[in-house]
1. How long are the three semi-axes of the equivalent ellipsoid of the stretch 350-393, in whole Å, if each is the root of 5 times an eigenvalue of the C-alpha gyration tensor, listed from largest down?
2. Could you calculate the FRET efficiency of residue 99 with residue 42 from 1/(1 + (r/R0)^6), where r is the beta carbon distance between them and R0 is 30 Å, rounded to 0.05?
3. Would you list the P(r) distribution for the stretch 33-123, with all Cα-Cα distances sorted into 5 Å bins from 0 and each bin expressed as a whole %?
4. For the pair residue 435/residue 120, report the inter-label distance in nm, with labels modelled 7 Å from Cα in the Cβ direction.
5. Binned at 10 Å from 0, what are the whole-percent values of the Cα-Cα distance distribution for the stretch 350-479, short to long?
6. Helix-only estimate, please: 222 nm mean residue ellipticity of the chain, summing -39500 (n - 2.57) across DSSP H runs of length 4 or more and dividing by its residues, to the nearest 500.
7. With 5 Å bins from zero, work out the P(r) of the stretch 228-470 over every alpha carbon pair and list the percent per bin.
8. So for the chain, what percent of the C-alpha to C-alpha distances run longer than 28 Å?
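The numbers here are math on the coordinates, done by the rules we state, and not lab data. Remember, predicted model here, so these are calculated numbers, not experimental data. All Cβ positions, glycine included, derive from the backbone under ideal geometry; neighbour counts span all protein chains shown.
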Amino acid sequence: MTDATTDSPDLLALETGQDGMRVSRGRTDPAALPGSVDDAGSPAEQLRLRLREQLSSQLSYRMKADEDAGRPPLGPEERRATAQAILAEAAEAYTQEQLSHGGSIVEPEVEERVIASLLDEVFGLAGLEPLLRNPEIENININGDRVFVRYADGRRDRLPPVVRSDAELIQLIRDLAARSGVEERRFDRGSPAVNFQLPGGERVFAVMAVTARPAVAIRRHRFQRVTLARLREGGTLEAGLESFLAAMVRARKNVLITGGTVMGKTTLLRALAAEIPPWERMVTIEDVFELGLDADSRAHPDAVALQAREANIEGQGAVSQAELVRWALRMSPDRVIVGEVRGPEVIPMCNAMSQGNDGSMGTLHASTSRGAFTKLAAYAVQGPERMSLEDTNLLVASALDFVVHLARPRDDEHKRVVSSVREVVDADGRQVVSNEVFRPGPDRRAVPGVPLRTETMDDLLAAGFDPDLLVRAEGWWLP
């Protein structure tokens, strides 16, 4: 990697690149990077590399053995203790090997320092730690030694590398993936993509072997516990929509949240879930744990989180989101929540919504609220049922009550706002009939559109909605 230095080794100097992006240049010599204890090629560094390799392989092996034996996964403290024992054994074996071959050995205090740094690296977040400690950073993208971040206010910076080589970046992702969630997730040439959640709730996606250099994308949700009121304060929605959406949840309407990438769909889903009474039982289904509704035992004491599982190295044991939705229906849920609909799970999800689990919710990538119906039909075709467009539309119309769409306003491209709300009415052959009860205004913020159906309005009134918020001549959107 290319070193970049400044006059002050402890501070980052900001430069402006040719494209106008702020570029942070800092000290990137080996001693300044995570996991380093000495110069490359020194006895201490050779010991570190050997121990790093041994820890990765043996810790993964022991976790796999526990899984095969049906034992519960180790907790954080147990994993660290196991890792410390592995490192101590590996260090002793390395010292014996060096003595037998006349090689250089390290002093005991240096060996202890190497082991401590590896434990901090593996059970901490290494060079990612300072970035994830910054509450203003929303996205972290790493392409080899190039690190880019995007802040909540839309600013973008280029920062120094978080590791010293592509190999160390791959190893860091392997270690983080190995201790994510409830099981190990592979990251190697046989499985060149990995998707997992960090302990703080950040979502990580990484690829290798299919790119010139390993690439990592980290998406963080700054608000793990959020309410509709907090979103109103942040400008995502207005007082009228806050009342409308809250009543929609309390009236047990089935809701699909749509929007583009990094548009705040998961955050809005969390806010809607905050309106669910605490005595109701929820089951959440996700590709990777991200919602975290089960973590708040006060707001959701009876919540079960299910995560899809990848196949093991023998190609066995995979569990899809579609299968998890079917399992969820056997768990006596009041509501089923699908973190992100991205495939054939759309059919069991719609079945869940139309078979008594009213008030269920999910998210979907779509560019418009109307476009959600086309995406749902495209995903339904991928399922084993191979449903026709007409049958899919009938199922969607019987399952969904509302589609809530998020977009960026024209006056501030760094914000997200509720832009459209559609009430699903019926299906007519190759079309899903819907009314856009809130439509995009001149600035893309939602304004009242087609009136609600009488039956729907009655349900929302019973759930506490004030219809006067929709008929004021002006100012209805103000707090």
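1. Values: eigenvalues 60, 52, 15 Å².
Ellipsoid half-lengths, sorted descending, are 17, 16, 9 Å.
2. Working: r = 18 Å, r/R0 = 0.59.
Calculated transfer efficiency: 0.95.
3. 2, 14, 24, 23, 16, 10, 7, 3, 1
4. 6.3 nm
5. With 10 Å bins starting at 0, P(r) equals 12, 37, 34, 15, 2, 0.
6. Only helices count here, giving -10500 deg cm²/dmol.
7. 1, 7, 14, 19, 20, 17, 13, 6, 2, 1, 0, 0, 0
8. Values: 67308 of 114481 pairs.
Counting every Cα pair in the chain, those more than 28 Å apart make up 59 percent.
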